[in-house]
Amino acid sequence: MIGGELSAGLRPILILRLVRHCVMQPPPIEKSTRMASCKLCHKEGRLCLSHIVPEFVYAPLYDSGRKMIGFLEDREGIRSHLIQKGLRETLLCSICERHINRNFEQPNLELWRKLAAYDESANTEWKLFTTPEGSKVVLVSGVDYRSFKLMLLSILWRASVSTRHEYSEVSLGRHEKPIRRMILEGDAGPRYCYPCILFKFDEPGVILRPIRRRINGHRVYHFILTTIHVWYFVSGHIADEPIIDLALREDGVFSAIRLDPRETQLYTELRRLERETKHSRSVVRRINAK
Ligand SMILES: [Zn+2]
C-alpha cells in the first residue's frame, strides 16, 4: 500500500546520476536586484535567490564536473539538459536566508548525508528491525528534534510559497501561516504538529516534483529527495493516527521505513522518462564521457 501511494502520479523534474561528490559548504547568498517583500519576515528588501530544496540535498547528484542532468517536461515532450544548481527563486531576504541556513540546515548537514548514504552493513549506530508485517525500519537516533523538523518544514513551506511550476501541487492554504510562524520563531511544536515521516531507498539518485495526496482523510505531501522520501502530514487532527509513531519525536528518535524502489511504481515512471526523453547534445556528450 505504501509503495502504491508513494508512486501514484509521479512527475519527475530532475533525474540525476548518483555520483558521490558532496559539496558540504553552504553556497554564498546571491542577491537579486529586485526589491520585494520577504516571504518569511514580510519586510521589504532586496531578496536572495533562495533554494526551495537546500543545495546540500542535491549534493550527491552532481558529477565530478559539478553538473547534473535536469529533465523538463512541457507540451513538446521531455527534454534533458545540464544544470549547475538546484531550483531557486527570489523568496527571502538575506537575514531570513541566513536564519534558515544557520539554525536549521547547517546543524543537519551531517545527519542528512549519513541518512542519504545509509548502509545497514556499515552503520552500527542506528538499529535496524523488521516489523511483524515484514517492513524493514531504521531507528534513527541522536537527532536534534527542533532544528531537523524545522529544516524539513522549511522545505515544505518554501515549496508552498514558491511560484515555480515544479511546486504547483504544494499549497498549504490556512496551514501556511502557522508553519511560517514556526520557522520564523524557531518553534518546532509537538511531534503530532505537522509530523514528517521519512522513507529510505537505496537508489536511484533522483529528485521529483512533489505531489499532493490524501491518506485517511489527511492531506499529505510527498517529496522525493534523492534516496530520502518525506511525507508531510498537513492536518489539524492527526494526533491519533498510528503512523505518527514513526515521526520524529522530541527525544530525537524517528523510524525511517526502508523500501525497495522496485516495489513501487517509481522504476516504471523512470523508465518511461528514459524512453520519452530527447537528450540535448551536451547531455549525450556528458553521459558518453563517463
Ligand atoms: Zn526576511
List the relative contact order of the chain as a percent without decimals, with contacts defined as Cα pairs under 8 Å and 6+ residues apart. 23 percent
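Between ILE244 and ARG181, what length comes free when the chain is fully extended (0.36 nm per residue of separation minus the Cα-Cα distance, one decimal in nm)? Before the final figure, lay out each step's value.
Numbers: separation 63, 0.36 × 63 = 22.68 nm, distance 2.24 nm.
My answer for the length gained is 20.4 nm.
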So if R0 is 30 Å, what FRET efficiency would ARG271 and LYS136 give, r being the distance between their Cβ atoms, rounded to the nearest 0.05? 0.75
Checking the cross-link filter: which lysines have an alpha carbon closer than 22 Å to that of LYS200, excluding same-chain neighbours under 8 positions apart? LYS114, LYS127, LYS136, LYS149
Rounded to 0.05, the calculated FRET efficiency for the beta carbons of ARG213 and GLN84 at R₀ = 35 Å is 0.65
I want the antiparallel fraction of DSSP beta bridges within the chain, as a percent rounded to 5. 85 percent
Packing-based exposure ordering (other Cβ within 10 Å, fewest first) of TYR145, TYR58, TYR118: TYR145, TYR118, TYR58
Solution diffusion estimate, µm²/s, Stokes-Einstein, the chain, Kirkwood Rh from C-alpha pairs, 4 °C, viscosity 1.567 mPa s: 66 µm²/s
Before rounding to the nearest 500, sum -39500 (n - 2.57) across all DSSP H runs of length at least 4 in the chain and divide by the residue total; then give [θ] at 222 nm in deg cm²/dmol. -7000 deg cm²/dmol
Picking from LEU225, CYS196, TRP126, whose Cα lies most toward the positive end of the charge dipole for the chain (charges on Cβ: Lys, Arg +1; Asp, Glu -1)? LEU225
When the dipole is taken about the Cα centre of the chain, and only Lys, Arg (+1) and Asp, Glu (-1) are charged at their Cβ, what size is it in debye, to the nearest 20? 1160 debye
What list do you get for SER121, SER80 if you sort them by fewest beta carbons within 10 Å? SER121, SER80
If we count other beta carbons within 10 Å of each Cβ, what is the order of ASP240, ASP63, fewest first? ASP240, ASP63
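Laboratory data are not the source of any read-out in this text; all were calculated from the coordinates shown. Please read these numbers as outputs of a predicted model, since none were measured by experiment. Cβ coordinates were reconstructed from backbone atoms using ideal geometry, including for glycine residues, and neighbour counts include every protein chain displayed.
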